[in-house]
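Just so it is clear, none of the values below were taken in a lab; they were calculated from the coordinates. Treat the numbers as computed from the prediction; the structure is a model and nothing was measured. Backbone-built Cβ (ideal geometry, glycine too); neighbour counts: all protein chains shown.
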Amino acid sequence: MQWFLGLALALAGAAPAWAAEEAVPAAARALHERLLTLDSHLDTPAQFDDPRWDILQRHEPDLAKGENQVDYPRMVEGGLDGGWWVIYTEQTGRTPADNRLARDHGLKRLLQIHELVAAHPDKFELALTAADAPRIAAAGRRVVYISMENASPLTLDPSLLQFYYDQGLRMMSLVHFKHNEFSDSSTQQPPEWKGLSPAGKALVAEANRLGIVLDQSHGSDEEFDQLLALSRAPFVLSHSSSDALYEHGRNIDDARLRKLAEKGGVIQVNSVYLKAADKTPATIEDFFAHLLHVLKVAGPGHVGFGADWDGGGGVAGMEDVTDLPKITARLLQEGYTGQQIGDMWSGNILRVMAEAERVAREIAAAQAVAPAKK
Ligand SMILES: [Zn+2]
C-alpha cells in the first residue's frame with residue numbers, strides 16, 4: 001500500500017511524505033491520542049543541570065542552540081504519555097576516583113528526576129509498576145519511569161542497586177560506549193570480559209531479584225547471548241535498530257532478534273545508527289525501514305519505540321516528539337491494527353516489565369521457603 005501512496009505523491013509532485021505535517025490523517029491522530037504511548041529511552045534528564053531550561057516551556061529541536069527534543073508542551077502536542085527517564089552516566093576512567101564521580105553523578109540524576117515529579121505533581125507522576133502507566137495517563141499526567149544507562153554509578157558499591165530500586169529504578173543497562181567493570185560494550189574492541197564480568201553476572205541476578213528490567217542496548221553480542229541464558233526474566237533493547245539494514249555495534253542481527261522475541265523480550269527502535277554517517281543524513285523513511293524490518297523479523301508483539309530523544313536521536317521528518325503521530329499513521333498504512341500499534345507503543349514493554357515483576361515475586365517466594373528447609 002505504501003508504494004502506491006508514494007507513487008501518488010510523486011505523480012502529484014508533492015513533497016516527500018515526511019516533510020508534510022498533514023501526513024498524519026485525522027483517524028491516525030485520533031488513534032494515537034487514544035493509545036498509551038511510552039518511549040523507553042528519554043535522555044531529557046541531561047537537561048536538568050541547566051537552570052535556565054524549563055520543562056514547561058516549549059523549545060525547538062535545535063540542539064546547536066541548546067534547545068532539545070522533549071518538554072511538556074511537546075509531549076502533549078505529540079501525544080507522548082511518558083516513558084523511561086534515563087540516569088545516563090558517561091563512561092570515563094575506571095579509577096576509584098572516577099567511580100566515586102560516577103556514583104555521585106548517578107545519585108544527582110536520580111534526585112533530579114524526583115525533583116521533576118515533585119515540582120509538577122499535576123503534570124508528572126513516578127511510575128513503579130507496569131500497572132501504573134495506564135492509571136497515570138488516564139489521570140492526565142505524564143508517566144515517569146526511571147531507568148539507568150551504564151551501571152558505572154554502582155561500581156564502587158553494587159549493593160546500591162537496592163537503594164536505586166527503592167527510589168524507583170525499574171530498568172538498567174550495564175554498559176555504554178566503553179567496557180566497564182560489569183560488561184563489554186558493543187563499541188569497543190577487543191573484548192575485556194567476553195561478555196559479562198563476574199560482577200556483571202551478579203548484577204544481573206540482583207536485577208532479576210528486584211524486578212528491574214535489563215536493557216541490552218550498548219552491550220556486546222556476547223553480553224546479549226549471556227543475558228539470554230542467565231536472565232530469568234525477558235529483557236529489552238531500549239534503543240537499538242537493525243544490523244540487516246545497517247551493520248553497526250549498536251544494532252542487532254536478525255538471528256539474535258528472533259532469540260530476543262522467543263524469550264519474550266522487546267526491541268525498542270532507535271532513530272540513530274540507521275545508515276552510514278558518510279551518506280546523506282537519515283530521514284524518517286530510514287527509521288521506518290528499520291521499524292518495518294524488525295517488525296517482520298521479531299513480530300509486532302516484540303517491537304516498540306526508543307528513539308534516543310535528547311541523546312542523539314531525531315531524523316529529518318521526525319525531529320522531536322511532536323512528530324510521533326507519524327509513526328502511528330505509517331503503521332496503520334502498513335496494515336497493522338490499532339491493537340498491534342498499541343502494543344508497540346506500550347503494551348509490549350509493559351508486558352516485559354510485568355514479567356520482571358513476576359520473576360521477582362517468584363524469587364522472593366523461593367527465598368522465603370528456603371530457610372524453613374534447614
Ligand atoms: Zn544510548
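Of Lys178/Lys279; Lys123/Lys263; Lys178/Lys326, which ones are farther than 32 Å apart at the Cα? Checking Cα-Cα distances, Lys123/Lys263; Lys178/Lys326 exceed 32 Å.
When Lys259, Lys279 are arranged by Cβ crowding within 10 Å, least crowded first, meaning fewest neighbours, the order is Lys279, Lys259. Proximity of backbone amide H atoms, modeled 1.01 Å from N, is registered between Met171 and Met148, Val213 at under 5 Å, excluding neighbours fewer than 5 places apart on the same chain. In terms of surrounding Cβ atoms within a 10 Å radius of their Cβ, Leu210, Leu245, Leu324, Leu237 rank from fewest to most as Leu245, Leu210, Leu324, Leu237.
Potential lengthening of the chain between Glu90 and Val76 amounts to 2.1 nm, from the contour at 0.36 nm per residue minus the alpha-carbon distance. 3J(HN,Hα) along the range 240-256, derived from phi through the Karplus expression 6.51 cos²θ - 1.76 cosθ + 1.60 where θ = phi - 60°, amounts to 8, 10, 9, 4, 5, 8, 8, 6, 7, x, 7, 9, 10, 7, 4, 5, 5 Hz, with x in place of Gly and Pro. Based on Cα contacts under 8 Å between residues 6+ apart, the chain shows a relative contact order of 19 percent. Amide H contacts of Ser183 (H built 1.01 Å from N, in plane; Pro and chain starts excluded): Ser197 sit under 5 Å, all sequence-distant by 5 or more or on other chains. Rounded to the nearest 0.05, the FRET efficiency derived from the C-beta distance between Gln57 and Ala138 at R0 = 25 Å is 0.45. Subtracting the Cα-Cα distance of Asp98 and Leu230 from 0.36 nm times their residue separation leaves 44.6 nm of extension gain. Projecting label points 7 angstrom from Cα along Cα→Cβ for Lys194 and Lys279 puts them 3.5 nm apart. Backbone geometry of the range 179-186 corresponds, through the Karplus equation with coefficients 6.51, -1.76 and 1.60 at θ = phi - 60°, to 3J(HN,Hα) couplings of 4, 9, 6, 9, 6, 7, 8, 7 Hz, x marking Gly and Pro. For the range 267-306 versus the range 72-115, the spacing of their alpha-carbon centroids is 24 Å. Bridges between two residues of the chain, per DSSP, are antiparallel at a rate of about 10%. Adding -39500 (n - 2.57) for every DSSP H run of four residues or longer, then dividing by how many residues the chain holds, sets the calculated 222 nm ellipticity at -12000 deg cm²/dmol. Its Cα centre serving as origin, the chain has a Cβ charge dipole (Lys and Arg +1, Asp and Glu -1) of approximately 1180 debye. DSSP finds beta bridges in the range 123-225, and of those with both partners inside it, around 15 percent are antiparallel.
Distant-in-sequence amide contacts of Gln216, defined by a placed amide H-H separation under 5 Å and a gap of 5 or more residues or a different chain, comprise Val236, Leu237, Ser238. Given their separation in residues at 0.36 nm each and the Cα-Cα distance between them, Ala364 and Asp49 gain 109.6 nm when the chain is fully extended. Based on C-alpha pairs under 8 angstrom that are at least 6 apart in sequence, the range 164-252 has a relative contact order of 28 percent. Computed from label points 7 Å out along Cα-Cβ, the spacing between Leu111 and Ala26 is 5.1 nm.
The angle separating the long axis of helix 198-210 from the principal Cα axis of greatest extent in the chain is about 80 degrees. Pairs of C-alpha atoms in the chain farther apart than 33 Å represent 26 percent of all such pairs. For the pair Phe163 and Arg258, a Förster radius of 25 Å applied to the C-beta separation gives a FRET efficiency near 0.10, rounded to the nearest 0.05.
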